[in-house]
Amino acid sequence: MNENDAVEYVREKLPDMFAGDELSCEEIGDGNINYVFKIKEVHGDRSVIVKHADIAARLTGQHVSTDRNRIEANILTLEDTLAPGFVPKLYFYDPVMCCMVMEDVSDHQNMRYAMMEHKTFSTFAGDITDFMAKTLVNTSDNVISPAKKKKLVSEYTNPDLCDVTETLVYTFPYFEDGAGNSVYPQSRELVRSEIYEDKKLHLEAAKLKEEFKSNAQALIHGDLHSGSIFVKEGSTKVLDPEFAFYGPAGYDVGNVLAHLIFAWVNARYTMPEGEDRVHFMQWCEGALRDTVDLFCKKAAAEMKSKATDRMAQTEGFAEWYVSCIMTSAAGTAGLELIRRIVGVAKVRDITVIEEPGARAAAERLCIMTAKGLIMNRARIVYGDDWLNVLKAAAKDQA
């Protein structure tokens, strides 16, 4: 599909919305495996988003099944039921064209770019923890029946995109010959000594990979980073759940937290000293702390109120269950911090740092924070625990 195709497609599929209107089209996707078009009335306010699945990853050429488009359409519908208001409305899904048309949320801003402009959002932690607690707890087999859980596991089996995660997140970054690895020249010695040659780190990464492969705990988004979240003051929207499958709930939580850390690091090395810098970094710290603590509180409450499994209603079980999620989340966040520095898929939060010494220092801070989270994850539960790891790594290189 090109831009002209997308316009004609929308005219055909949504005749009641766009019958005779003059339409404009812009390809707005910046991802690796999809084409995303914004279709808008030239002389009006109505608009929609068309998302068309490609058969190969743009960065690597790796084949990826277009079935992910079906998974994304289905999960958007399910998430809108479980956590209303936190995902865009789906207008329809076309299995022949591997295409979906959905609500345009361009009145919101991509959260990565918003945070790189050092904007803050007072409701973000509350919103994202509502979304995660409701979607993760309520798709676990402590809440839904075993039969329904197994049906959903089958429906959301996503082998191609799980393979992408298992290689790009859990494997390649730990080996110097990892396909697609790209290391900033000033960081090469650090990466070699702290990642490639650290066998204890490899063991913990291997344990986390095993958990990702074998723990079908909840229906997870699978790619819940700041580039998949759109925000405006008072509203948060979660997009792009095409990596969704039944996996460890901590994977989603850890990814959100890792990208708040990236935003904090970006501010530390790009903003001039002063009140604005202090204000934004304090917001990042508060969002990090609150996301951890609010998720723990809300997920435990959701489990207590919704659990149907009799043993899951045992006093103390909900708190234990959530503490296990947070252990997984700390490990996941560490893996995400490492793979975005070492692997093929970088983050702009770090790559926009132009001064070589500052870029190398930012990468060192991310790597050492990551190792602190991975190696000590069993003792990292509360928001202040996360901040202590981050600030200890920052203090070591001050």
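The values are calculated or read from the model by the stated rules, or taken from the named source; none is laboratory data. This structure is a prediction, so every number in the text was calculated from the model and none was measured. Counting neighbours? That spans all protein chains shown, and the Cβs are built from the backbone with ideal geometry, glycine included. For the accessible areas, the whole protein counts, side chains as well, though only heavy atoms, and no ligand, DNA or RNA atoms are used. Shrake-Rupley method; radii C 1.70, N 1.55, O 1.52, S 1.80 Å.
Is there any pair with a first residue in the stretch 140-161 that is of a type in the set (Gly, Ala, Ser) and a second that is in a helix (DSSP H, G or I) whose Cβ atoms are under 9 Å apart and which are 6 or more apart or on different chains, and what are they?
Ser140/Lys149; Ser140/Met303; Ser140/Ala312; Ser140/Tyr321
I'd like to check something: does the stretch 141-156 contain any residue that is β-branched (Val, Ile, Thr), open to solvent by less than 10 Å² (accessible area, probe 1.4 Å), in a loop (DSSP other than H, G, I, E, B) and more than 30 Å from Glu273 (Cβ to Cβ)?
No, the conditions are met nowhere in the stretch 141-156.
Which residues, taken from the stretch 206-227, are assigned to a helix (DSSP H, G or I) and touching a Phe, Trp or Tyr at 6+ places or on another chain (Cβ under 6 Å)?
The one that is assigned to a helix (DSSP H, G or I) and touching a Phe, Trp or Tyr at 6+ places or on another chain (Cβ under 6 Å): Lys209.
Condition first: in contact with a Gly (Cβ under 8 Å, 6 or more places away or on another chain), of a type outside the set (Gly, Ala, Ser) and outside any helix (DSSP H, G or I). Can you find one or more residues in the stretch 293-300 that meet it?
Checked the stretch 293-300: no residue is in contact with a Gly (Cβ under 8 Å, 6 or more places away or on another chain), of a type outside the set (Gly, Ala, Ser) and outside any helix (DSSP H, G or I).
In the stretch 183-201, how many residues are among the polar types (S, T, N, Q), over 27 Å from the mean Cα position of the chain (by Cα) and open to solvent by less than 100 Å² (accessible area, probe 1.4 Å)?
1
Among Ser122, Ser106, which is the only one that is open to solvent by 30 Å² or more (accessible area, probe 1.4 Å) and touching a strand residue (DSSP E or B) at 6+ places or on another chain (Cβ under 9 Å)?
After applying the criteria, what remains is Ser106.
Out of Phe131, Phe172, report the one residue that is aromatic (Phe, Trp, Tyr), open to solvent by 30 Å² or more (accessible area, probe 1.4 Å) and out of contact with any helix residue (DSSP H, G or I) (no Cβ under 6 Å at 6 or more places or on another chain).
When all the criteria are applied, what remains is Phe172.
Answer yes if at least one residue in the stretch 109-129 is part of a helix (DSSP H, G or I), closer than 24 Å to Val64 by Cα and in contact (Cβ under 8 Å) with a residue 60 or more places away in the chain, and no otherwise.
Within the stretch 109-129 (the criterion being part of a helix (DSSP H, G or I), closer than 24 Å to Val64 by Cα and in contact (Cβ under 8 Å) with a residue 60 or more places away in the chain), the answer is no, since none of the residues qualifies.
Name every residue in the stretch 235-293 that is open to solvent by 10 Å² or more (accessible area, probe 1.4 Å) and touching a Lys or Arg at 6+ places or on another chain (Cβ under 7 Å), in order of residue number.
Answer for the stretch 235-293, where residues must be open to solvent by 10 Å² or more (accessible area, probe 1.4 Å) and touching a Lys or Arg at 6+ places or on another chain (Cβ under 7 Å): Glu242, Met271, Met281.
Considering only the stretch 14-29, state which residues are among the charged types (D, E, K, R), more than 11 Å from Lys40 (Cα to Cα) and open to solvent by less than 80 Å² (accessible area, probe 1.4 Å).
Glu27
Taking only the stretch 343-364 into account, find how many residues are closer than 20 Å to Thr291 by Cβ and either of a type in the set (Ser, Thr, Tyr) or in a helix (DSSP H, G or I) (or both).
Total meeting the criteria: 1.
When the residues of the stretch 341-363 are filtered to those that are open to solvent by less than 20 Å² (accessible area, probe 1.4 Å) and within 17 Å of Asp223 (Cβ to Cβ), which remaining residue is nearest to the chain's Cα centre (by Cα)?
Step by step, filter the stretch 341-363, then rank; the result is Val347.
Please specify each residue of the stretch 313-323 satisfying the condition of being in contact (Cβ under 8 Å) with a residue 24 or more places away in the chain and either over 15 Å from Leu136 (Cα atoms) or open to solvent by 10 Å² or more (accessible area, probe 1.4 Å) (or both).
Answer for the stretch 313-323, where residues must be in contact (Cβ under 8 Å) with a residue 24 or more places away in the chain and either over 15 Å from Leu136 (Cα atoms) or open to solvent by 10 Å² or more (accessible area, probe 1.4 Å) (or both): Tyr321, Ser323.
Could you list, ordered by first residue, the pairs with Cβ atoms under 7 Å in which the first is in the stretch 357-374 and closer than 14 Å to Leu257 by Cα and the second is open to solvent by less than 10 Å² (accessible area, probe 1.4 Å) and not in a helix (DSSP H, G or I), at least 6 apart or interchain?
Final answer for the pair search is Leu373/Ile380.
If I ask for residues that are among the polar types (S, T, N, Q) and under 21 Å from Val347 (Cβ atoms), which ones from the stretch 185-229 would you list?
The answer is Gln186, Ser187, Ser226, Ser228.
Looking only at the stretch 58-94, which residues are at pLDDT 90 or above and in contact with a helix residue (DSSP H, G or I) (Cβ under 6 Å, 6 or more places away or on another chain)?
Glu79, Leu82, Ala83, Phe86, Val87, Leu90, Tyr93
Hey, any hits in the stretch 373-395 for a residue that's at pLDDT below 95 and in a helix (DSSP H, G or I)?
Checked against the condition, which is being at pLDDT below 95 and in a helix (DSSP H, G or I), the stretch 373-395 yields at least one hit.
Is it the case that the stretch 60-80 has a residue that's among the small types (Gly, Ala, Ser), open to solvent by less than 10 Å² (accessible area, probe 1.4 Å) and in a helix (DSSP H, G or I)?
yes
Residue by residue, here is whether (1) touching a Ser or Thr at 6+ places or on another chain (Cβ under 9 Å); (2) farther than 11 Å from Val381 by Cα; (3) at pLDDT 95 or above holds:
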residue: Cys296; (1), (2), (3): yes, no, yes
residue: Thr308; (1), (2), (3): yes, yes, yes
residue: Ala312; (1), (2), (3): yes, yes, yes
residue: Phe317; (1), (2), (3): no, yes, yes
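Could you tell me whether Thr129 is within 30 Å of Val352 (Cα to Cα), over 18 Å from the mean Cα position of the chain (by Cα) and hydroxyl-bearing (Ser, Thr, Tyr)?
When the stated conditions are applied, Thr129 does not pass them.
Testing Val164 on (1) modelled with pLDDT of 95 or more; (2) within 20 Å of Val256 (Cα to Cα), one condition comes back false. Which one is that?
(1)
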